[in-house]
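Asker: Sending over a structure as structure tokens; questions will come in a sec.
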Amino acid sequence: MKRCNNLYNISISDIKDVYKEIRSNTKNKSKIYKFEEFYSLNVSKIKDVFDNKNYKVGKYNIFLIREPKYRIIMSQEIFDKLINHVVARKFLLPVLEKTLINTNVATRVNKGTHYGIKYLKKYLNELKGNIIYALKFDISKYFYNINHNILIDLLKKKSKIKMLLIY
């Protein structure tokens, strides 16, 4: 297994690029305004987090939604969300992308819903005339039940990073 290294090389432009995406996708505009009030300082602090490898998770805004089903939402401030997205883009994707199968389309660049629908249509056409069964399920509290220590160990094995920004 090939391991990735030199992933801590995060620049200010990397942070700004990720921020542009977050800004356009964030529904809570007050969080954006709060972050932009001290934009340069916040971006500098994020750069320092990566340079010094010292990240402490901020507080979550926890609330309940009722539609389409009851769900607990845990929302972070833009500062924390930005760090998460930079980590995903610069650490996780380079390490994990090559190990994922092509039909895994969830939250991958150029492999979203339309890509998944294309694959589904392809397989349905191949199975035409056969009985097709579909299973729809939801694993209760899936993300809450992930063992983070096991996940972190697996990620460390795939990279040369001795210390990830894991919290």
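Asker: Give me the three principal axis extents of segment 116-159 from the C-alpha atoms, as integers in angstrom, largest value leading.
Answerer: Dimensions of segment 116-159 along the principal axes of its Cα atoms: 46, 28, 16 Å.
Asker: What net charge do the residues around Asp14 carry, taking every other residue with its C-beta under 10 Å from that of Asp14, with Lys and Arg at +1 and Asp and Glu at -1?
Answerer: Numbers: positive: Lys16, Lys47, Arg89, Lys90; negative: Asp17.
Once all neighbours under 10 Å are counted, the net charge is +3.
Asker: Grab the beta carbon distance between Ile152 and Asn54, set R0 = 22 Å, and tell me the FRET efficiency rounded to 0.05.
Answerer: Efficiency computed from Cβ-Cβ geometry: 0.85.
Asker: Okay, next question. In sequence order, what are the phi-derived ³J(HN,Hα) couplings for segment 68-82 according to the Karplus relation 6.51 cos²θ - 1.76 cosθ + 1.60 with θ = phi - 60°, rounded to whole Hz, with x for glycine and proline?
Answerer: For segment 68-82, the Karplus curve yields x, 8, 5, 8, 8, 10, 10, 9, 9, 6, 4, 3, 5, 4, 5 Hz.
Asker: Please compute the volume of the convex hull spanned by the alpha-carbon atoms of the chain and report it per residue in Å³. All intermediate terms of the calculation are to be shown ahead of the outcome.
Answerer: Numbers: hull volume 27.6 nm³, N = 167.
About 165 Å³ per residue, rounded to a whole number.
Asker: Still on this structure: Where nothing but the Cβ of Lys and Arg (+1) and of Asp and Glu (-1) is charged, how large is the charge dipole of segment 52-167 around its Cα centre, in debye to the nearest 20? Let's see the in-between values first.
Answerer: Values: 23 positive and 7 negative charges, 63 e Å.
About 300 debye.
Asker: I've got another one for you. Return Lys136, Lys16 ranked ascending by Cβ neighbour count within 10 Å, so the fewest neighbours appear first.
Answerer: With the fewest neighbours first, Lys136, Lys16 line up as Lys136, Lys16.
Asker: Further question on the same structure: Test of understanding: ordering Phe91, Phe79, Phe137 by Cβ neighbours within 10 Å, fewest first, what list do you get? Write down the numbers at each step before the final one.
Answerer: Values: Phe91 21, Phe79 17, Phe137 5.
The order, fewest Cβ neighbours first, is Phe137, Phe79, Phe91.
Asker: I've got another one for you. Positive end of the charge dipole of the chain (Lys, Arg +1 and Asp, Glu -1 on Cβ, about the Cα centre): tell me which of Leu82, Tyr33, Tyr119 has its Cα farthest that way.
Answerer: Towards the positive end, the residue furthest out is Tyr119.
Asker: Pull out a ≥ b ≥ c, the square roots of the eigenvalues of the alpha-carbon gyration tensor of segment 85-132, then state rounded if a/c is under 1.5, prolate if not and a/b is larger than b/c, and oblate in the remaining case. Present the calculation step by step, with values, prior to reporting the outcome.
Answerer: Numbers: a/c = 4.71, a/b = 2.91, b/c = 1.62.
It is prolate, given that a/c is not under 1.5 and a/b is the larger ratio.
Asker: Of Thr99, Thr26, how do they rank once you tally other Cβ atoms within 10 Å and put the fewest first?
Answerer: Values: Thr99 9, Thr26 15.
Fewest-to-most Cβ neighbours within 10 Å comes out as Thr99, Thr26.
A short reminder: the numbers here are calculations on the coordinates, not readings from a lab. Computed from a predicted structure; not experimentally measured. Positions of Cβ are backbone-derived with ideal geometry, glycine not excepted, and every protein chain shown enters the neighbour counts.
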